[in-house]
Each structure stands twice: as structure tokens, then as C-alpha cells.
Amino acid sequence: MNILVTGGCGYIGSHTCIELLNNNYNVIILDNLSNSKNNIVEKIECLSGKKVKFYEGDMIDKNILRKIFKENNIDAVIDFAAFKAVGESIIKPVEYYKNNVSTVLELVTIMKEFNCKKLVFSSSATVYGAPEKVPITEECKIGGTTNPYGTSKLFVEQILNDLYNSDKEWDIAILRYFNPIGAHESGLIGEEPNGIPANIMPFITKVAKGELSCLNVFGDDYDTPDGTGVRDYIHVVDLAVGHIKALEKLEKEGKGLYIYNLGTGQGYSVLELIDAFEKASGIKVNYKIAPRRAGDIAECYSDPTKAREELGFVTKKSLEDMCKDAWNFESKS
Ligand code: WQD
């Protein structure tokens, strides 16, 4: 099968491309390289031992989408291409809605033109807002998002639901990621955000490396066991495997709209994450307790039952693996 991976040079996209190639899919990447390094394609080919087709461009450009579909018999699309920094989205809402929502409208328009109706969409647990309960199931209400990034994912989920209800020939899997961290065991690819990291793990690894001096722990007065925020960290390689499982579901069953949480089902606090990182790396992380970050919630972790029962998806990597692989990548960067 020929799979178009939009944003395939990004953090989750690149790890998923490697899993696709390892599972004998043909991979075509469209990426504008806005949040990734341009040697990432060579690294994907080196780590998989296989070639990929790469198109540099932006999904908002219908011409490049048409060119890709004309030149390749695309069987399915995995759509990662989006901006993903929560804080930045509050400052630049229009750019986020344009890049994260309008591009999907262009994508599904061209997919329909070429009668390609299998789509795996990269969504986020952020669509649950402040969750009504934890662990979070797919039946939990969505909405009440606290930032344009999360709202953009909510909008696209609504668009895809409306698209499916208008044409039951579509075959759509919406994957709600919890907190992806870690890196490929080679240390050749991993999370390398532009500028000062917003997410905790790349910030921790840069403090461990000495590039940043101190980690601010955003609040220790939440209603959690040690007062710091609790999240469901999932190894990016496990997350990538979840996409293969979703594709297999679309190939096998077809004609449906499926929604899955991709998480481990285990929540860890910020202090527990720091402790796990120190044990895995042997390096003390300098941190201090700081005020809460606006928009943060106390606890967010998944009930992974549905993905396990319907996709056969079970995460394999531990928090220690996530920390070890994240540090291995940072120390080699
Ligand atoms: C995790 C925990 C912070 C930084 C967001 C998006 C989600 C996904 C991942 C894209 C929280 C604490 C953080 C720091 C800290 N995005 N923290 N000091 O906010 O749970 O999720 O990023 O895929 O969709 O919503 O992730 O890593 O920013 O925060 O104490 O310097 O670490 O308060 O408890 P978050 P995060």
C-alpha cells in the first residue's frame, strides 16, 4: 500500500514513517520543513533501509497535493501536518486555524477528487478540555478546550465527522494522542522543537545537557498525589505503532469513522517524571517549583481499553525507556 504521510518529517511523523517502512508500506512524505530538519528524510531511509518519496511543500497548496496524487497511487493518508505548541497558539490563533484546519479541508477535497477515502488523523487528548473524569475514555465529552491548538483539533474532528456523515464511503481513524515523549533507540531522530521547548521532556533533556539552567515545575498545588501535574506519557515509537494498527483496521474493516485514545493508561506526575529521568540518565535535573502555567489541567491520562480491544494496540515501553531514549537522542544531538 502507498501511504501519503503529511508532516512526515516531524517528531511523530518521522517515527511513524519508519514503522510504516518496517511493515512494508510504501511511504510518500509531504512536509514544508517548518518544524523539522531537512536531513530527516535521509535518517528515515538510513534507519529503515528503504527509500521514501519526498515532496517539499504545504498542504494549503492544492497544486502540490494534486501533483502527489497524480504521480502516486495513494491508498491512504496519515495527516500529521500541524502546528502543535499550546502557548504559541494563544499568541497566533489565526496562523493555527489556517495551518491546522484549512489544510485539512484542502486535503480531503483532493483525496475525494482522486477517490482516496482512507484517512488517519493526528488528534490530541487536548480535545477533552478539562476532562470530566480520569481515566479518560473515548466516550468522555469533548470541548471546553483552553487554547487554539486544542480547539483546532476539535474543529477538525467535527469536520471529519460531518464529512463521514455526508459520505459513508469514507474510512477515517481519529487518534487522540496523550503525551508523546522519547525517541528512536538509535538516537538519530527525536523531539527537537524550534527555540525554547514548551513541552516538558525536551526541556528536561536540555537542562540535563546544560543548555538550559533550570526546569520550572509549573505548580505543586494541584489535587494530585504530590501536587504536580499528572500526564499519560507514551513512547513515540509505541505511538507510531498505533498508527500501523489503525491503518490495518481501515484496510480490514473499511467504511467507518473510528476514534481511539493512544496512551498507556498510566499517569505520572512531573516529579515522578523527573525522578525517572534522573534514574535513567544518571544526571540530576536542576528544577524549582514555579507558579501554575495558564491553561494547564491537574490530571490527564487515558483508559486505553478501546484501542486494545479493537486495534490490538498495547504499549510496550516503560517510562524508563522513554527517559533513556529521550536522553540518548539529546546527548547525540
Ligand atoms: C506536561 C506536564 C506541565 C513544561 C501538550 C498538548 C498536547 C501535546 C503535548 C502535542 C504539565 C508540566 C511542562 C515545563 C512543567 N501536544 N511542565 N514545566 O501541556 O500536557 O500537553 O503537549 O502533541 O496536545 O496539550 O504537555 O509537556 O507541556 O506538560 O512543569 O517546563 O509538565 O504543567 O503538567 P501538556 P507539556
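Only the coordinates and a few stated rules stand behind these numbers; no lab work does. In this text, all values refer to a predicted model and were calculated from it rather than measured experimentally. Neighbour counts run over all protein chains shown; Cβ positions are idealised from the backbone, glycine included.
Quick look at the numbers
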read-out: Convex hull (Cα only) mean projected area of the range 45-115, reported in nm² to one decimal; value: 6.0 nm²
read-out: Intensity falloff of the range 177-327 expressed as log10 I(q)/I(0), Debye formula with alpha-carbon point scatterers, at q = 0.12, 0.18 Å⁻¹; value: -0.54, -1.08
read-out: Packing rank of 102-108, 221-227, 296-302, where each peptide gets the mean count of other beta carbons within 10 Å, highest leading; value: 296-302, 102-108, 221-227
read-out: Above-threshold pairs, the threshold being 28 Å between Cα atoms, out of K84/K209; K50/K245; K37/K317; K92/K117; value: K92/K117
read-out: Cut-off 13 Å between beta-carbons: net charge of the residues surrounding K316, Lys and Arg +1, Asp and Glu -1; value: -3
read-out: Binned Cα-Cα distance frequencies in the range 36-175 - 5 Å width, integer %; value: 2, 9, 16, 19, 19, 16, 11, 7, 2, 0
read-out: Prolate/oblate/rounded label for the range 185-238 (Cα gyration tensor, a/c 1.5); value: oblate
read-out: Total formal charge among the other residues, if their Cβ is under 15 angstrom from that of I28, Lys/Arg +1 and Asp/Glu -1; value: +1
read-out: Pair-distance profile P(r), taking every C-alpha pair of the range 80-135, with 10 angstrom steps and integer %; value: 19, 41, 29, 11, 0
read-out: Most positive-pole-ward Cα, V120, A85, N100, against dipole of the range 79-125 from beta carbon charges; value: V120
read-out: Radius, Kirkwood style, for the range 1-98 when every pair of distinct Cα atoms is counted (Å); value: 13.9 Å
read-out: Those aspartates and glutamates that a straight Cα-Cα span of less than 19 Å connects to K306, excepting residues fewer than 8 apart in one chain; value: E132, E138, E139, E157, D171, D232, D238, E248, E251, E253
read-out: Compactness index (Cα Rg / 2.2 N^0.38 Å), the range 116-179; value: 1.15
read-out: Cα centre as origin, Lys/Arg/Asp/Glu Cβ charges: the chain dipole, Debye; value: 580 debye
read-out: Burial ranking of peptide ranges 165-171, 318-324 (average Cβ count within 10 Å, highest at the top); value: 318-324, 165-171
read-out: Whole-Å semi-axes of the ellipsoid equivalent to the range 131-237 (Cα gyration tensor, √5λ, descending); value: 32, 20, 13
read-out: Reduced Cα scattering model of the range 239-333, Debye log10 I(q)/I(0), q = 0.17, 0.18, 0.19 Å⁻¹; value: -0.92, -0.98, -1.02
read-out: The range 229-290: C-alpha gyration tensor shape, a/c 1.5 cut-off, then a/b vs b/c; value: prolate
read-out: For peptides 21-34, 273-286, 178-191, sequence by mean Cβ density within 10 Å, most packed first; value: 178-191, 21-34, 273-286
read-out: Positive-pole candidate from L247, S318, I200, dipole of the chain, charges at beta carbon; value: L247
read-out: Cα-based convex hull, the chain, per residue volume (Å³, whole number); value: 121 Å³
read-out: Rounded to whole Å, sorted largest first: equivalent-ellipsoid semi-axes of the range 288-333, Cα gyration tensor; value: 27, 22, 8
